[in-house]
Amino acid sequence: MTTTFLLLRHAAHDNVGGYLAGRMGGVVLGEAGRAQADRLARRLRVERIDAIVASPRERTQQTAQAVAAACGLPVETAEELDEIDFGRWSGQGFEALQQDPLWQRWNAVRSLIRTPGGETMLDVQRRVLGLMERLAARQDGRCIALVSHADVIKAAVLHHLGLAIDAWPRFDIAPASITRLEVGDWGARLLGLNETVD
């Protein structure tokens, strides 16, 4: 039993890197992000994708819809792919966050620290892995595109590589990137990490 997962990060919104978008409403792709999503969709047109499942955030839905249009598939929505619940940190600028001791602890030891009013990175990992397990059980031999967020993708990759969640800074997941995992009863293989379309 083997399932291939294409872990796709949403395309960039206009102020990516400026503030922590988290689960804020109204964070959508601007002109540059829509063009990036279109390039990702053109790249994925050559893949054999059987299903597309996306986080409920607007930026992931927009990215998933671009891929779906190119591949002739519908988009399913899964709460398990949602961004980390950052609680009161959502919407704050990174410069302000750097002054928060809890933010500094979160980035040093994500395995132990909960976001203020939100969740731990291990919570995120549990939910995304649960979804992947359910999808793999019903879609053996298929290729499933999961459109999500950088840290959600990192959580899945870290588990399948046998790495601790605190190893999250060791690799990047860029906007509109493709990370390819093959998962089966025998284990998992990382076939591609952070392939970008720019």
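Is one or more of the residues making up segment 116-124 out of contact with any helix residue (DSSP H, G or I) (no Cβ under 9 Å at 6 or more places or on another chain), farther than 15 Å from LEU7 by Cβ and of a type outside the set (Gly, Ala, Ser)? Yes, segment 116-124 contains at least one residue that is out of contact with any helix residue (DSSP H, G or I) (no Cβ under 9 Å at 6 or more places or on another chain), farther than 15 Å from LEU7 by Cβ and of a type outside the set (Gly, Ala, Ser). Of the candidates GLU80, GLU95, the single residue that is touching a residue at least 24 places away in the same chain (Cβ under 8 Å) and open to solvent by 40 Å² or more (accessible area, probe 1.4 Å) is GLU80. Within the set ALA174, ALA150, ALA167, the sole residue that is farther than 28 Å from ARG45 by Cβ and at pLDDT 95 or above turns out to be ALA167. Note on segment 19-36: residues that are in contact (Cβ under 8 Å) with a residue 60 or more places away in the chain, within 20 Å of ASP82 (Cα to Cα) and not hydrophobic (A, V, I, L, M, F, W, C) amount to 4.
Listed by first and then second residue, the pairs linking a residue in segment 37-49 that is more than 13 Å from GLN62 (Cα to Cα) and among the basic types (Lys, Arg) to a residue that is open to solvent by 20 Å² or more (accessible area, probe 1.4 Å) and modelled with pLDDT of 95 or more, with Cβ atoms under 7 Å apart and 6 or more places separating them unless they lie on different chains, are ARG42/ALA70; ARG45/ALA70; ARG45/CYS71. Taking the condition in contact (Cβ under 8 Å) with a residue 12 or more places away in the chain and surrounded by 19 or more Cβ atoms within 10 Å (Cβ to Cβ), does TRP168 pass? It is true that TRP168 is in contact (Cβ under 8 Å) with a residue 12 or more places away in the chain and surrounded by 19 or more Cβ atoms within 10 Å (Cβ to Cβ). Output yes when any residue across segment 35-47 is open to solvent by less than 70 Å² (accessible area, probe 1.4 Å), farther than 16 Å from ILE178 by Cβ, part of a helix (DSSP H, G or I) and not hydroxyl-bearing (Ser, Thr, Tyr), and no when none is. Yes, because at least one residue in segment 35-47 is open to solvent by less than 70 Å² (accessible area, probe 1.4 Å), farther than 16 Å from ILE178 by Cβ, part of a helix (DSSP H, G or I) and not hydroxyl-bearing (Ser, Thr, Tyr). So in segment 130-147, with the set limited to residues that are in a helix (DSSP H, G or I) and exposed (fewer than 15 other Cβ atoms within 10 Å of the Cβ), which one is modelled with the highest pLDDT? Looking at the filtered set, the residue picked out is GLY130.
Would you call HIS160 without any contact (Cβ under 8 Å) to a residue 40 or more places away in the chain and closer than 22 Å to HIS10 by Cα? Spelling it out, HIS160 is indeed without any contact (Cβ under 8 Å) to a residue 40 or more places away in the chain and closer than 22 Å to HIS10 by Cα. Would you be able to say whether some residue in segment 52-67 is of a type in the set (Ser, Thr, Tyr) and assigned to a helix (DSSP H, G or I)? Yes, segment 52-67 has at least one match.
One residue is enough: does segment 100-114 have a residue meeting the conditions touching a residue at least 60 places away in the same chain (Cβ under 8 Å), surrounded by 15 or more Cβ atoms within 10 Å (Cβ to Cβ) and more than 13 Å from the chain's Cα centre (by Cα)? Checking segment 100-114: not a single residue is touching a residue at least 60 places away in the same chain (Cβ under 8 Å), surrounded by 15 or more Cβ atoms within 10 Å (Cβ to Cβ) and more than 13 Å from the chain's Cα centre (by Cα).
Against the test of being charged (D, E, K, R) and out of contact with any strand residue (DSSP E or B) (no Cβ under 9 Å at 6 or more places or on another chain), the options ASP123, ASP140, ASP185, ASP172 yield a single qualifying residue, ASP123.
The values are calculated or read from the model by the stated rules, or taken from the named source; none is laboratory data. Fair warning: this is a prediction, and the values are worked out from it, not measured in the lab. Every residue, glycine among them, receives a Cβ derived from its backbone with ideal geometry; neighbour counts consider all protein chains shown. Note: accessible area is taken over every heavy atom of the protein model, side chains too, but ligands, DNA and RNA are not part of it. Shrake-Rupley method; radii C 1.70, N 1.55, O 1.52, S 1.80 Å.
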